[in-house]
2 protein chains.
Amino acid sequence: MQIDRLIRTVRELGNPTALGLDTKLEYVPKDFAAPHLDAGGPPEAVFAFNAKLLAALRDVIGCVKIQAAYYEMLGPCGMSCLLKTINEARSLGYVVIVDAKRGDIGSTAAAYSAAYLTEKSPFRADFLTVNPYFGTDGMAPFLDDCQKSGSGLFVLVKTSNPSGKEFQDIITDDGQPLYERVAKHVSEWGSRLIGEEGYSSVGAVVGATYPKQGAGLRRKMPNTFFLLPGYGAQGALAAQLASCFDASGGGAVVAASRSIICAHMLSGTRDFAQSARAEALRMKDDLSKILRLAR
Amino acid sequence: MQIDRLIRTVRELGNPTALGLDTKLEYVPKDFAAPHLDAGGPPEAVFAFNAKLLAALRDVIGCVKIQAAYYEMLGPCGMSCLLKTINEARSLGYVVIVDAKRGDIGSTAAAYSAAYLTEKSPFRADFLTVNPYFGTDGMAPFLDDCQKSGSGLFVLVKTSNPSGKEFQDIITDDGQPLYERVAKHVSEWGSRLIGEEGYSSVGAVVGATYPKQGAGLRRKMPNTFFLLPGYGAQGALAAQLASCFDASGGGAVVAASRSIICAHMLSGTRDFAQSARAEALRMKDDLSKILRLAR
């Protein structure tokens with residue numbers, strides 16, 4: 001099961017970072033991009049940038065989160081770039097999360113699942129992020145395919161953005177906020193998909209920007225692995241995140257995209273891979289505090 | 001604004017049907033598919049099928065809803081097929097809804113919006129379906145682009161599937177179910193985008209399978225146009241839908257996919273376009289009851 005592989009990869013590298021490849025053409029240094037733009041346009045330049053980052057970071061980071069939207073906006077060739085980026089990451093041994101927030105009624109969810117989560121999927125991911133608004137029958141095809149292929153999900157529970165609270169924090173008739181009702185379903189959906197490491201294939205997206213709520217969810221969801229977006233560019237600090245991890249310093253990965261892949265834009269250096277590597281190592285060191293605090 | 005164009009198209013044809021192109025290869029008759037499969041594989045066969053349906057139905061139906069999932073599952077070439085289907089429908093004058101249920105934090109929502117809703121979008125749609133779970137700041141980029149380009153949205157409010165009620169019908173602290181809280185936001189998001197026909201560019205997805213709730217929403221959302229999925233294959237009947245329309249028999253379109261595009265599989269005839277046309281005319285006649293009831 002991919003959830004076990006994710007947990008072991010994080011443990012081996014001592015680094016719970018998920019590298020966010022939310023790559024926009026404007027992030028790619030012009031001189032690096034030029035020959036690729038000539039050869040195949042923006043998707044080719046984005047892929048070359050991703051590939052260089054993936055090669056430079058493999059001994060530091062074990063997990064990548066690829067944001068589908070940035071590839072979709074480049075059209076069908078952008079989707080080829082998504083596919084190539086997924087395959088490049090997989091061939092290097094990364095655990096690959098495709099961050100697409102898909103979700104629909106059952107028959108359509110089955111089509112999305114066929115796109116991402118089966119052995120024959122064109123965009124073969126280890127994990128897919130999904131939106132729970134359709135409830136259990138919209139989740140069923142994803143869960144079935146996870147059972148068959150060993151892939152996993154990260155279901156939106158508490159998102160990292162300020163307005164997420166508009167609906168997610170509404171207090172419901174049992175006194176709990178909506179996101180805790182969703183969390184309870186996420187635990188149930190995962191209950192038949194628990195791996196050897198004690199976590200299920202059905203993870204939860206919990207915004208790193210809400211560490212207090214994250215801590216509450218950590219206690220209530222002992223078998224649910226967390227994907228924590230919002231570190232770095234969105235403002236969350238490592239020390240605040242300790243309580244989103246389990247007692248062994250496991251149970252979660254922290255996603256960071258712009259802070260790593262755009263590090264060269266801040267530092268003003270031309271070698272984007274080295275800048276990304278320096279920031280990845282700094283983040284690893286920063287997150288090691290979490291692991292120490294959690295223990 | 002595309003919302004005005006949609007309303008006028010429905011009025012001119014006297015038909016509030018939205019043709020759902022949720023096309024799977026298995027729906028395409030084998031003898032029709034064969035040469036296209038040889039030429040370009042499944043996406044080419046699906047496109048040829050879609051193109052023939054679009055040509056055969058233009059004088060009956062004015063609006064198409066293209067389900068992104070069925071194209072995504074075919075990989076990058078499937079996304080080319082999505083693009084070609086969008087362009088074919090637009091060139092024939094259809095109002096095009098891309099049914100993709102996208103949604104994310106603001107920066108990522110901007111990328112999805114760039115993919116579908118701007119003048120330069122690769123997948124240039126007239127409308128996009130979106131998921132509201134991220135709240136207002138996740139909607140803002142979509143709303144901004146709708147203001148600039150005249151495109152529109154259909155936001156998930158009350159979905160057509162049985163499990164939709166798990167979260168959407170939860171009673172919240174003001175006594176209303178969650179979907180009515182979402183509905184209130186949808187009205188507000190659309191309040192600065194009202195067209196000449198009195199409806200805003202921000203529509204709502206309201207399952208035709210929940211006509212009672214649809215009637216309540218119709219009263220509370222006088223400026224919100226509805227996309228009603230669930231007619232036909234999912235079991236909703238025309239007569240139940242009358243109260244989801246406004247007093248003039250307007251204000252909504254009814255999506256139907258399998259009942260039209262798979263009509264040949266039920267009738268056993270080889271001419272799928274003629275079978276689809278016969279079912280489209282039957283559905284138009286069926287829906288005309290709504291228009292009469294509403295008046």
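Only the coordinates and a few stated rules stand behind these numbers; no lab work does. Here the structure is a predicted model, which is why all the values come from computation and not from measurement. Because the Cβ atoms are built from the backbone with ideal geometry, glycine has one as well, and the counts that use them run over all protein chains shown.
The helix-based estimate of mean residue ellipticity at 222 nm for the protein assembly as shown, built from -39,500 (n - 2.57) per DSSP H run of four or more residues and divided by its residue count, is -15000 deg cm²/dmol to the nearest 500.
With label points defined 7 Å past Cα in the direction of Cβ, position B:Arg8 shows copy-to-copy spacings of 6.3 nm, given to one decimal and shortest first. Once the gyration tensor of the Cα atoms in region A:2-294 is diagonalised, the equivalent ellipsoid follows with semi-axes of 29, 23, 17 Å, ordered largest first. Each Cα pair under 8 Å and six or more residues apart adds its separation to the average, and for region B:196-295 the resulting relative contact order is 26 percent. Most mobile of B:Gly40, B:Gly14, B:Gly103 per a Gaussian network model of chain B (Cα springs, under 10 Å)? Judging by the Gaussian network model, the answer is B:Gly40.
The smallest convex shape that holds all Cα atoms of region B:111-152, its convex hull, gives 58 Å³ per residue. With a Förster radius of 56 Å applied to the C-beta separation of A:Asp169 and B:Asp59, the computed FRET efficiency comes to 0.70. How far is helix A:136-149 tilted off the main Cα axis of chain A, in degrees rounded to 10, range 0 to 90? Roughly 60 degrees, rounded to the nearest 10.
Translational diffusion of the protein assembly as shown was estimated from the Stokes-Einstein equation, with Rh taken as the Kirkwood radius over Cα pairs; at 20 °C and 1.002 mPa s the coefficient is 88 µm²/s. Taken about its Cα centre, chain B carries a charge dipole of about 640 debye when Lys and Arg each add +1 at the Cβ and Asp and Glu each add -1 at the Cβ. Bridgeable lysines around B:Lys148 (alpha carbons under 30 Å apart, same-chain partners fewer than 8 residues away excluded): A:Lys24, A:Lys30, A:Lys101, A:Lys165, B:Lys65, B:Lys84, B:Lys101, B:Lys120, B:Lys158, B:Lys184, B:Lys220. Taking 16 Å as the straight-line reach from the Cα of A:Lys284, the aspartates and glutamates in range (excluding those fewer than 8 positions away in the same chain) are A:Glu12, A:Asp59. Using the Cβ of A:Lys52 as centre and a radius below 12 Å, the other residues enclosed give a net charge of 0, where K and R count +1 and D and E count -1.
The calculated FRET efficiency for the pair A:Arg270 and B:Ser248, based on their C-beta separation and a Förster distance of 41 Å, comes to about 0.05. Here region B:131-288 is treated as a Stokes sphere of Kirkwood radius computed over C-alpha pairs; at 10 °C and 1.306 mPa s its diffusion coefficient rounds to 95 µm²/s. Look at the dipole of chain A built from charges on Cβ: of A:Met1, A:Ile170, A:Leu57, the Cα furthest out on the positive end belongs to A:Leu57. Calculated on C-alpha atoms, the gyration radius of region B:64-123 divided by its Kirkwood radius gives an Rg/Rh of 0.97. Between copies, A:Asp173 shows label-point distances of 1.7 nm, shortest first, with the point placed 7 angstrom from Cα along Cα to C-beta. Relative contact order of region A:2-294: 19 percent, from C-alpha pairs under 8 Å at least 6 residues apart in sequence.
Note on region A:212-257: Kirkwood hydrodynamic radius from all Cα pairs is 10.7 Å, rounded to one decimal. The value of relative contact order for region B:146-218, using C-alpha pairs under 8 Å at least six residues apart, is 39 percent.
Count Lys and Arg as plus one, Asp and Glu as minus one, and take only other residues whose Cβ is under 14 Å from that of B:Val186; the net charge is then +3. Only one residue of A:Ala255, A:Gly135, A:Leu13 has its Cα farthest out toward the positive end of the dipole of chain A, where Lys and Arg carry +1 and Asp and Glu -1 on Cβ, and that residue is A:Leu13. Label-point spacing at A:Gly41 relative to the other copies reads 1.8 nm, in ascending order, each point sitting 7 Å out from Cα along Cα→Cβ.
Neighbours of B:Ala140, meaning other residues whose beta-carbon lies under 13 angstrom from its beta-carbon, give a summed charge of -4 when Lys and Arg score +1 and Asp and Glu score -1. Under 19 Å from a label point set 7 Å out along the Cα-to-Cβ vector of B:Lys30, the amide N atoms of region B:243-263 belong to B:262-263.
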